[in-house]
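**Q** Sending over a structure as structure tokens; questions will come in a sec.
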Amino acid sequence: MAVEENTFRINKRCALLSELWTKSNLTFNETKCVFSDSVDLLGYRISNSTLQPDPERTPGNAKEQQRIIGPFAYYAQWFFKYSDKIKPLIQNVSFPLEGETLPLEGETLKSFET
């Protein structure tokens with residue numbers, strides 16, 4: 001679905017809600033309303049038609065990264081050569097992640113799907 005189409009649908013629904021609220025004699029206290037151009041949802045930040053990892057949930061150092069990787073060991077039993085696939089991430093010590101330390105890109109991501 002195109003971004004313009006989604007924007008149109010959202011604007012249409014907002015207009016409909018506004019009309020319903022007016023008919024129901026509801027009012028808003030604008031000082032309590034929050035309008036934003038981005039939304040944090042399920043570990044991602046959605047803004048201006050882009051999807052990015054939520055910076056508050058992204059590991060900032062090696063210790064935080066290891067805390068996140070730890071529970072992954074449980075899933076290793078279901079992935080062929082899991083240790084080879086996750087090795088660049090485990091050995092990483094610099095942040096943000098770059099290049100080969102992004103284990104879930106390209107071919108590696110496809111190998112997890114099989």
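**Q** Hey, fewest Cβ within 10 Å first, where do THR27, THR7 land in order? Kindly include the intermediate steps, with their values, before the conclusion.
**A** Working: THR27 8, THR7 11.
Fewest to most other Cβ atoms nearby, the residues stand as THR27, THR7.
**Q** Give the residue list of trypsin sites (Lys or Arg not before Pro) in the stretch 6-95 that are DSSP loop and have at most 10 other beta-carbon atoms within 10 angstrom. Walk me through the intermediate numbers first.
**A** On the way: sites: ARG9, LYS12, ARG13, LYS23, LYS32, ARG45, ARG57, LYS63, ARG67, LYS81, LYS85; in loops: LYS32, ARG57, LYS81.
Sites meeting the loop and neighbour criteria: LYS32, LYS81.
Quick note: the coordinates plus some simple rules give every number you see, no bench work behind them. Predicted model only: the values in this text are computed from it and were never measured. Positions of Cβ are generated from backbone atoms using ideal geometry, with glycine treated the same way; all protein chains shown enter the neighbour counts.
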